[in-house]
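The structure under discussion appears below in the form of structure tokens.
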Amino acid sequence: GAGLSRLHRQPAKHFGFSSDNYCGATPQANTLDSNGYQFFAQKRILALASSCLEQGLLQAELMTKLDRIAESLPQWIPEMPAVLIHGDLWSGNIHCCEDGAPALVDPAAYWGWAEADLAMTRLFGGFPAEFYDSYRANSALAEDWEQRIPLYNLYHLLNHLLLFGGSYLDSVADIADCYSRQIR
């Protein structure tokens, strides 16, 4: 947790990255943008949702909900600076060095919201409580960050829908239903 908090203290003026890369096998566009909401909406949620729609993996009604959610991100996500994030942080992308120190592998790095990185750690079971305690002790993590986990993980669930098919559709639809009911 302390090491990740150090990574997340690397600030940037823009969201995105100097070059495009991949999240798993999926191309990830990183065109620089000074607006984090616009970046996350266009380059993360809607980019993958559009690909899923084109491949027949989700219906137009769900796409409409995702469009509305993307437009409403400021309703749920507070303003935060862009920081360097791993981008695909799950337990399979953390290895242990000979000296016991953790090593992060297979990044989908970009300048984004630190909370988005932390949300991914919860997608497939989470990390030990000590990880989050250590992160919290070394950062200014918002008390309510966990409320936004499903919203951030829409990106990764859409990516898994695109890569692995329909078994992820219900998770995407459930999150879209929940957030679309909250739109003011």
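Throughout, read-outs are computed from the coordinates displayed, never taken from laboratory work. As the structure is a prediction and not an experimental result, all values here were calculated from the model. When we count neighbours, we look across all protein chains shown, and the Cβ atoms used for this are built from the backbone with ideal geometry, even at glycine.
Data for the structure
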{"quantity": "Within a Gaussian network of the chain (alpha carbon springs, distance under 10 Å), most fluctuating of Gly126, Gly56, Gly87", "calculated": "Gly56"}
{"quantity": "Mean-position separation - Cα centroids, the range 119-146 and the range 63-84, in angstrom", "calculated": "20 Å"}
{"quantity": "Label point distance in nm, Gln75-Phe164, each placed 7 Å from Cα along Cα→Cβ", "calculated": "3.0 nm"}
{"quantity": "Signed unit charges on C-beta, dipole axis of the chain, positive-most listed residue Leu89, Ser171, Gln38", "calculated": "Gln38"}
{"quantity": "Between 0 and 90°, nearest 10: helix 169-182 axis offset from the chain longest Cα axis", "calculated": "80 degrees"}
{"quantity": "Relative contact order computed over the range 1-87 (Cα-Cα under 8 Å; 6+ residues apart), in percent", "calculated": "36 percent"}
{"quantity": "Estimated distance in nm for a label pair at Glu146 and Met63, the labels positioned 7 Å out from Cα along Cα-to-Cβ", "calculated": "3.6 nm"}
{"quantity": "The chain: C-alpha pair distances exceeding 26 Å, %", "calculated": "28 percent"}
{"quantity": "Rounded to 10°, Cα long-axis angle of helix 149-164 versus longest principal axis of the chain", "calculated": "70 degrees"}
{"quantity": "Excluding exposed DSSP-loop GluC sites (Glu not before Pro) (at most 14 other C-beta within 10 Å), longest clean stretch of the chain", "calculated": "1-78"}
{"quantity": "Helix 114-123 axis, angle to the chain major axis (alpha carbon atoms, nearest 10°)", "calculated": "80 degrees"}
{"quantity": "Which of Trp76, Trp145, Trp113 has the fewest Cβ neighbours within 10 Å, and the rest in rising order", "calculated": "Trp76, Trp145, Trp113"}
{"quantity": "Local electrostatic count at Leu123 - Lys and Arg +1, Asp and Glu -1, tallied over other residues with Cβ under 12 Å", "calculated": "-1"}
{"quantity": "The range 25-38 - phi-based ³J(HN,Hα) in whole Hz, Karplus 6.51/-1.76/1.60, Gly and Pro as x", "calculated": "9, 8, x, 10, 6, 10, 3, 4, 8, 7, 9, x, 5, 5"}
{"quantity": "Amide H within-cut-off set for Tyr22, under 5 Å, with H built and near neighbours excluded", "calculated": "Gln28"}
{"quantity": "Pairwise label distance in nanometres, Leu104 with Gln182, each label 7 Å out on the Cα-Cβ vector", "calculated": "2.5 nm"}
